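These notes are about the structure you will find just below.
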Amino acid sequence: QVQLVESGGGSVQAGGSLRLSCAASRVTYRMGWFRQAPGKEREGVAGIDQDGRVSYIDSVKGRFTIYRDNAKNTLYLQQNSLKPEDTAMYYCAASSQYSLGIPLGPSFYQYWGQGTQVTVSA
């Protein structure tokens, strides 16, 4: 089993930055960040595998960076140039299942954190 605890969310103005953190109880094949706004479906934002390969949804490419510090068992999401449409609850997720590529669908992940809120004002 994997325990995940997110932190780092907050309220910022458009164009600002945040760094989200996810403390994991152990390393898994793949980890990712997802977000969900009220009334909307949860969507995958970024994923990373054990070899450091990454994947992003198009809307955050060039603005967000996912990376991990294996020594600290911590996953990060650096968010730059934030936009109001980035406002959502952000969740850390982990998968113990190997797969080729880095899927961003929620069904590919078994473990989830409690979420951290990101609010971006215009």
task = Look at the range 76-99 and say how many of its residues are within 14 Å of the chain's Cα centre (by Cα) and either open to solvent by 50 Å² or more (accessible area, probe 1.4 Å) or within 21 Å of VAL120 (Cβ to Cβ) (or both).
result = 12
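Out of LEU82, LEU75, LEU104, I need the residue that is in contact with a Gly (Cβ under 9 Å, 6 or more places away or on another chain), under 19 Å from GLN1 (Cβ atoms) and not charged (D, E, K, R). Which one?
LEU75
Of all residues in the range 1-11, which are open to solvent by less than 30 Å² (accessible area, probe 1.4 Å) and either among the charged types (D, E, K, R) or assigned to a strand (DSSP E or B) (or both)?
Matches in the range 1-11: LEU4, GLU6, GLY10.
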remark   = With the first residue restricted to the range 45-73 and required to be at positive phi, and the second required to be in a loop (DSSP other than H, G, I, E, B) and basic (Lys, Arg), Cβ contacts under 9 Å at 6 or more apart or on different chains are ASN73/ARG26
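The values are calculated or read from the model by the stated rules, or taken from the named source; none is laboratory data. Computed from a predicted model, the values in this text were never measured in an experiment. Counting neighbours? That spans all protein chains shown, and the Cβs are built from the backbone with ideal geometry, glycine included. To get the accessible areas, we keep the full protein, side chains included, count just its heavy atoms, and leave off ligands, DNA and RNA. Shrake-Rupley method; radii C 1.70, N 1.55, O 1.52, S 1.80 Å.
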